[in-house]
Amino acid sequence: MVFSPEFIAPRLAGHTPAGRGAAIPARADIDDAYKWDTGDIFESTEAWEAAFDEATAALTRVESFKGTLAESAENLLACYRFQDEISETIEHLFAYASLNRDVDTRVTVYQDMYNRIYTLAVKFGAAAAFFTPELLSIPEETIRAFIASSDGLKVYEHALEDTMRMRAHVLSEIEESLIAKAGNVFRAPSDAFNMLTDADITFPKINDEEGNEVATSNALYYKFRGSRDRTVRKANEEAFHGTYRKYRNTLASLMRSNVAKGLFNAEVRGYESTLHAALDDANIPVAVYHNLIASVNDNLAPLRRYAALRKKILGVDELHGYDLYNTLFPDSDMTVTFDETKKLLGRGLEPLGGEYVDAMMGGIDAGWIDIYENEGKRSGAYSAGIYGIHPFVLLNYHGRLEDAFTVAHELGHSMHSYFSQKHQPKIYADYSIFNAEVASTTNEALLMNHLLDVTVERKERLFLINFYIDSIRGTFYRQTLFSEFELDIHSRAAQGESLTADLLDTIYGGLMEKYYGAAFCLDDFKAAEWSRVPHFYRNFYVYTYATGYSAATAFAKRILEQGASARKKYIGSFLSGGSSDYSTALIEKAGVDMTSPEPVRAVSELFDRLLDELEALMTT
């Protein structure tokens, strides 16, 4: 039984840049038309409190199932149905608290509500710790007989098979209960990191392109790193990463604690490593992770080629971290309003068919999205698919092209949730971490294809191809670098090394120098970039951006080339599949084999072809 669903799928690279010179408004100053309405979940905090009380009272029901599972198929089915019922309630309680907390992280009432529901979920987890050990004490032939005799239990057949697969890593009831009760302790590193980086850290002021003194922030960092003025870019990097570097020892301590949590979990459950433990949840072979890193390392030449080309175009003696994100062709810098983005999505995602586009556009108009940045709002972007309600999307939209792609990305998550929840029962309505980034990035690939199809003017095409190249670099190469860093630090910790701030800087900085090659010059503050990456607190998550990008590139190509047949498989087998089968199996049913190196290699080949076109356009 799981009572603390991680229903938010944030976009690591989705921290959106602010408009030039824009002040950050207060929440109250933003029109309600641009805000989501959490009243769709609960009408008020009073309604939330009532549901919380009901969920608390339901805690006593958990005990009634203990010792009964082996008696009959009916008892086992009743327990599963109770799990679905209470987990949906807890998901709604989580959602209301966290969505309201995230639009202004300074409001303590929602922090308190979130903490209370998290604590209640931990109590449910502890009370239900008997479930898996007791289930696994039932002979497999008895479980299969139960399934054969009960139409209702057939719905849970895959879940039962998956539980039996995990038999070697499930502990005794007492041990499972102790681990569940430690849930509040285990979340401490992530909670502390989020509060430190979202609420407590303040950044120094810098001078913008006009010489005005301006405040920086987590969100505004992404604006200024793309500045046309190199002096501004450098000052921005030094202010931003330099500030994180001041807290490097604290952040290294939080990182050590988080890694230690992963090591503890792997050890007590009998896994070979934290990587094995993290990937086994979705039944992903560790070879997929290792193959990604190996394949990218074998294909670093295009990235190094791009670094050298970027250095040449910028006309700089050394390429620094603050030279990696500004467009190389600012004369065609594209801006788009949110309404224009809606129109672009309607046209760009047409290959996915009318049902997809109509549902997506209807969701936008129905207020799924919290659009603009305000004071205290969580940085970045995410989609939260709330079962029985609808998806919610958090943005910090400021009108540049990358914002349009962020909207496409997050709505890809939303539509994945929409179709999965439409076609799957509660137990399979969510999708695995491995599959989380596929639908979102497929949307981006289709949108980019549309823009390239309709863009013929040379300067605009140069800008778009450069944007596409940087998208691949950020989502494919960069996330693989993150993945290699994460694997290294977990491996070192397992061998007894202490993850000091100096060591983490050395590992991260060394990877940046390896990936970008001789053209790149590493700064001390850039080596500390590891300290601000929130996804390192979800062990072995970031690799899914790179594998997801690979699968998405393959899906987009199939949909564009094969039309309705590929679209039918993509929506019917993948988007609608939820977690009704294992991750790689769902992707394979839709036409892409992720156990093969081909999807990963194809992205590096695409990157190289785009560089060829970029250089050709530059000479015409």
Study note, to complete from the structure: Within segment 82-111, restricting to residues that are farther than 24 Å from residue 57 by Cβ and of a type in the set (Ser, Thr, Tyr), the one that is surrounded by the most Cβ atoms within 10 Å (Cβ to Cβ) is 105
**Study point:** Odd one out for residue 508, checked against (1) over 19 Å from the mean Cα position of the chain (by Cα); (2) surrounded by 22 or more Cβ atoms within 10 Å (Cβ to Cβ); (3) in contact (Cβ under 8 Å) with a residue 24 or more places away in the chain
**Key:** (3)
**Study point:** Scope segment 529-545; condition in a loop (DSSP other than H, G, I, E, B), farther than 15 Å from residue 508 by Cβ and not aromatic (Phe, Trp, Tyr); matching residues
**Key:** 538, 539
Study note, to complete from the structure: Conditions (1) over 29 Å from residue 265 (Cβ atoms); (2) under 23 Å from the mean Cα position of the chain (by Cα); (3) among the aromatic types (Phe, Trp, Tyr) -> residue 434 fails only (1)
Exercise for review: Check every one of the helices (runs of 4 or more DSSP H) wholly within segment 381-486 and list those with 3 or more residues that are β-branched (Val, Ile, Thr) and crowded, with 24+ Cβ neighbours inside 10 Å.
Suggested key: 433-454
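Just checking, how many residues over segment 195-206 are under 19 Å from the mean Cα position of the chain (by Cα) and either modelled with pLDDT of 90 or more or aliphatic (A, V, I, L, M) (or both)?
From segment 195-206, those under 19 Å from the mean Cα position of the chain (by Cα) are 195, 197-198; that's our starting set.
Checking which are either modelled with pLDDT of 90 or more or aliphatic (A, V, I, L, M) (or both) leaves us with 195.
Final tally of qualifying residues: 1.
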Practice item. Please find, within segment 511-528, the residue that is surrounded by the fewest Cβ atoms within 10 Å (Cβ to Cβ) out of those that are part of a helix (DSSP H, G or I), at pLDDT 95 or above and aromatic (Phe, Trp, Tyr). Key: 515
Exercise for review: Please specify each residue of segment 334-349 satisfying the condition of being touching a strand residue (DSSP E or B) at 6+ places or on another chain (Cβ under 8 Å) and not hydroxyl-bearing (Ser, Thr, Tyr).
Suggested key: 334, 336
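The values are calculated or read from the model by the stated rules, or taken from the named source; none is laboratory data. Everything quoted here is computed from the prediction, not taken from an experiment. Every residue, glycine as well, gets a Cβ built from its backbone with ideal geometry; the counts of neighbours run over all protein chains shown.
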